[in-house]
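Values in this text are rule-based calculations from the coordinates and carry no lab data. Bear in mind the structure is a predicted one, so any value in this text is a computation, not a measurement. Methodologically, a virtual Cβ is constructed for each residue, glycine included, from the backbone with ideal geometry; neighbour enumeration extends over all protein chains shown.
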Amino acid sequence: MSKVSMSNIIVVRDLTKNFPQGEETLFILRGVQLDVEAGATVSIMGQSGSGKTALLNILGGLDDFDGGSVVVGGEELQGLSEAALSVFRRKKAGFIFQFHYLLKDFTALENVMMPAYIGGMKKKAALEKARALLSDMRLDARIGHYPSQLSGGERQRVAVARSMINDPDVILADEPTGNLDPEHSAVVSELLYANAEKWGKSLLVVTHDKTVAQRAQFRYQLSEGVLKREGTAAVGTSSEGTGKET
């Protein structure tokens, strides 16, 4: 995997993502520029169809793109093989989705430690780190419980802990509180930001929730594939077409 010297943990230049649809082309991302400093917290808001999930998936190596460059944690993603992208995802990026995706037959502790253990960490070390992360998420008394025995907010807090187990450079959270009521959303949001800061992780959150977005140090709006930082001009181009979230 090629290395790129950089001071920022994420560097995006002229990023485009298109989707051919019959005789037309949907312009999902249009010339997006983005710099994220190591340890910074960033939120991106936008309506459904604005390209938020597409951008997050590209940053996490889950989706390809049509133009521009994307560097995350010193890795230039363009042109990487699927095997190299798999290594990148395991080592560089931690993912949190709207649905927790916990394994129902494993306890909270086992769910969190599993990625590290599979990645080669000694079982004892993986369990100890998982226990520490769950403690940070205020789940000490729930580590032996299965997902079905946890509340929605508790399950999502387990997912947050799991995202950090492999010591990634960046945490990518796609609507992490989208399925929660306001009370549990506030708890998950506070712990997500607090622990990203405690562990020195860059955090990028895609959300519809203004309260969650306002917690970030840097806030952006994505509209029809064009990224705009709050208080600045749009960062991108105005190609013809319609954004579509994928």
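Selection of helices (runs of 4 or more DSSP H) fully inside region 143-232 by the criterion of at least 2 residues being closer than 27 Å to F106 by Cα returns 152-163, 182-198.
Taking the criterion of being in contact with an Asp or Glu (Cβ under 9 Å, 6 or more places away or on another chain) and closer than 26 Å to E175 by Cα, the residues of region 117-137 that qualify are K129, A130, R131, L134, M137.
Scan region 72-88 and tell me whether some residue there is more than 30 Å from D35 (Cα to Cα) and either among the aromatic types (F, W, Y) or crowded, with 17+ Cβ neighbours inside 10 Å (or both). No, because not a single residue in region 72-88 is more than 30 Å from D35 (Cα to Cα) and either among the aromatic types (F, W, Y) or crowded, with 17+ Cβ neighbours inside 10 Å (or both). Among residues that are hydrophobic (A, V, I, L, M, F, W, C), in contact with a Pro (Cβ under 7 Å, 6 or more places away or on another chain) and crowded, with 17+ Cβ neighbours inside 10 Å, I96 is included.
Can you work out which of the residues in region 19-29 that are surrounded by fewer than 22 Cβ atoms within 10 Å (Cβ to Cβ) and of a type in the set (A, V, I, L, M, F, W, C) is nearest to the chain's Cα centre (by Cα)?
From region 19-29, those surrounded by fewer than 22 Cβ atoms within 10 Å (Cβ to Cβ) are 19-26; that's our starting set.
Retained after the next criterion (residues that are of a type in the set (A, V, I, L, M, F, W, C)): 19, 26.
On the way: F19: 22, L26: 24 Å.
Among those that are surrounded by fewer than 22 Cβ atoms within 10 Å (Cβ to Cβ) and of a type in the set (A, V, I, L, M, F, W, C), it is F19.
Report, by residue number, each residue of region 156-208 that is hydroxyl-bearing (S, T, Y) and surrounded by fewer than 22 Cβ atoms within 10 Å (Cβ to Cβ). Correct list: S185, Y193. Counting only helices (runs of 4 or more DSSP H) that sit completely within region 30-125, those holding 3 or more residues that are without any contact (Cβ under 8 Å) to a residue 40 or more places away in the chain and over 13 Å from the mean Cα position of the chain (by Cα) correspond to 82-92, 108-118.
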